[in-house]
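The values are calculated or read from the model by the stated rules, or taken from the named source; none is laboratory data. These figures come from a predicted structure and were not determined experimentally. Note that we place each Cβ from the backbone using ideal geometry, even for glycine, and neighbour counts take in every protein chain shown. In case anyone asks, the SASA skips ligands and DNA or RNA and just uses the protein heavy atoms, side chains included. Shrake-Rupley method; radii C 1.70, N 1.55, O 1.52, S 1.80 Å.
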Amino acid sequence: MSGRILVVDDDRDIRDLVAIKLESAGHEIVTREDGSQALEAAVEGGWDVIVLDVMMPGMSGIDVLRALRDRGDETPVILLTARGQEKDIEAGFAAGADQYVTKPFSPRALLARVTAAIG
Amino acid sequence: MSPLPAPAVLQAVLLATSAVVVLMLIALIAQRTLRRRHDRRDVRLDARLRPLVLEATIAEDDEIDALLDRVRALSAPERAHVGRSASLMLRDVTGEAADRLRAVADASGLVPRVIAAVADRDPVRRADAAEALGLLAPAGALELLQALADDRSPEVRTVAVRALGAFDDPAAVDRVIAALALDSGIPISVAASALVQQGAAAGERVRDALDHPDAGVRRGAARVAGLIQAPGAGAPLARLIDDEHEAVGAAAMRSLERLPVREAVPSLLATALAGGSAGEAAARTLAAMPAAWSADALAAIGAKGEPGVRRAAGLPRRTAA
C-alpha cells in the first residue's frame, strides 16, 4: 500500500536517503527542511505518515509534534533523531510520537515502520 | 633626541609598505576566486554524482555491480567526490544501505587514500582517517585503528577509540577497555559509548575489567556493565559499591539498578545509612530492586536514614509524633 509521506530533516543527506528509500517502495514523498516549514505543510493535511527530525534550528520536531497534536491531528508521526537517551525517547512519546527511530538508522527498517504505520 | 630619517628613506619605506599591502590584497582576491571556483565545481559535481550515490543505497543485488562499474569509470576528481559523499552519508545509516555505501566508497578508490592518511603528519588528517576506517571497515582497519588508538595526539586517539566501537573483535574490545584508564587522555564517555556499541561482544571482557587495578577502568566498566547487561557482572558490581574510589561505587550502584543482585543489599544499606550523595544513590538502587530483597533494607532506611536518602528510596516523609 502506497502513501503520501512528509519527510522533515534539516540534514540534506538524511532527507534524501529517507526520500529515495520510501519512493523506491512507491510512496509519494514531500520533503521540508525546518520545523516551521514542516508545521505549515503538516497542517495542510492529507499525510499518511510524517517522518520528523527532532533537533532542527528554530522549531524542534517535538514542538511541531505538540502543535499538531494540540490541533487534534492524529497523523502517525515517526521521530527520527540522534538523541537516543531514555529521557529523550520518553519526551518523544509524551509529545505524541507513534514511533521513535535513532540515527544512524536503517532505511530498510524505517520503510518497514512507515509501512506498518500506514497499515 | 635622534634625528628623523632622510625623506628618501621614508619614501622607500612607504613604497615598500604599499607594495606589501597591494600584494596581500591580490593574494586574498586570488584565494577567494579559487575557493569560489572550487565551490562551484563541487556544486556541479554534486548535482551530477549525488543521485548515483543515493541510487546505490537502494540498489538490488543484481543492480549493484553495474552501478559500481559506473563509479569505477569516473574521472579521478569525480571518484574523489563520490567517495566523500558516500563517506558522509555512511555516518547516518546502518544495515543494507551502509553496506552499499561502503561498496561505493571502495569502488571510488577511497580506501587507499584513507590508509595513506593514517601516516599523515597532520593530526586532523589522521583523525579523519580514523573515523573513515571505522565507517568503511576495509580489510586491515582494525590493526590500523589499534595503532591510531596509541597515536601521540589525544584527539586522534579519541577518534580511533570511538571508531573501534564499530568492531566486535576481542582485540577491539580490549583496546577500548584500556582507553578507560585514568591516564589515557580519552574522555570516559567516548570509550564507554564505544563499549555500548560493541554490546554483547564486550560483555565478558567488561565483567573482567570490573576487577582491573586502574580505577578509571573499573569506573567505566561498572557504568557500562549495566547498560549492556554484562553476564555475571552482578557479584563484582556488588563488591565495587565499597570501592576506595567513590566514583567507582557510584557507577556500580547505577548499573545495579539494571542488573540487580541480592548480595548487593547489605553494602547498599550500609552506604544508604551513611548518608550523603552516595547514600541517596544506594537508596535509589535499593528502591529499584525486587521488593522481596529490599523490603527490610528500605524499612531500616525509613527508620534511620537521612531525609534525602529516604526521599531517594521513594519513602514517604516522616510525620511528626
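Among B:ILE241, B:ILE29, B:ILE188, the largest mean-square fluctuation in a Gaussian network model of chain B (Cα springs under 10 Å) belongs to B:ILE29.
For A:LYS21, the lysines whose Cα falls under 17 Å of its own Cα, not counting residues fewer than eight places away in the same chain, are A:LYS103. Helix B:291-304 and the longest principal axis of the C-alpha atoms of chain B enclose an angle of approximately 80°. Between 0 and 90 degrees, the angle of helix B:61-72 with respect to the longest Cα principal axis of chain B falls at about 40 degrees.
In segment B:52-68, the residues that give up 50 Å² or more of accessible area when the other protein chains are added, compared with the chain on its own (1.4 Å probe), are B:LEU54, B:ILE58.
Checking every one of the GluC sites (Glu not before Pro) in segment A:56-119 against DSSP loop status and a limit of 10 other Cβ atoms within 10 Å picks out A:GLU74.
Buried surface between chains B and A: roughly 1400 Å² of accessible area, summed over both sides, computed with a 1.4 Å probe on protein heavy atoms only. For segment B:3-132, the direction-averaged projected area of the alpha-carbon convex hull comes to 12.3 nm².
Compared with the dominant principal axis of the Cα atoms in chain B, helix B:95-107 is inclined by about 30°. Where does chain B land on Rg(C-alpha)/(2.2 N^0.38 Å)? Normalised Rg, Cα atoms only: 1.50. Counting Cβ atoms of other protein chains within 10 Å of each residue's Cβ and taking the mean over peptide A:13-21 gives 5. Share of carbon and sulfur in the accessible area of segment B:165-259 stands at 48%, probe radius 1.4 Å. The alpha carbon radius of gyration of the protein assembly as shown, expressed as a multiple of 2.2 N^0.38 Å, is 1.28.
In the context of the full set of protein chains, segment B:261-321 has a per residue accessible area of 54 Å² (1.4 Å probe). For segment B:154-207, the Kirkwood hydrodynamic radius comes to 10.6 Å, computed from all pairs of different C-alpha atoms. Counting only C-alpha contacts under 8 Å and six or more residues apart, can you give the relative contact order of chain B as a whole percent? With pairs under 8 Å counted, the relative contact order is 8 percent. Over all directions, the projected convex hull of the C-alpha atoms in segment B:42-97 averages 3.8 nm² in area.
Sites count as exposed loop sites when they are GluC sites (Glu not before Pro), lie in a DSSP loop, and have at most 10 other Cβ atoms within 10 angstrom; the longest stretch of chain B without one is B:61-243.
Packing, as the average of other Cβ atoms within 10 Å across residues, places the peptides A:54-67, B:32-45 in the order A:54-67, B:32-45, highest first. Sequence-ordered 3J(HN,Hα) estimates for segment B:259-270 from the Karplus curve with 6.51, -1.76 and 1.60 and θ = phi - 60° stand at 10, x, 9, 5, 5, 7, 4, x, 5, 5, 5, 4 Hz, glycine and proline given as x. Here each label is just a point 7 Å from Cα along the line to Cβ, and for B:ALA299 and B:ALA12 those points are 10.1 nm apart. Residues in segment B:121-128 carry Karplus couplings, in order, of 6, 7, x, 5, 5, 5, 5, 4 Hz; the curve used is 6.51 cos²θ - 1.76 cosθ + 1.60 with θ = phi - 60°, and Gly or Pro positions show x. Per residue, segment B:1-42 exposes 96 Å² of solvent-accessible protein surface, assessed with a 1.4 angstrom probe and all protein chains in place.
Computed across segment B:12-60, the Kirkwood hydrodynamic radius from all distinct Cα-Cα pairs reaches 14.0 Å.
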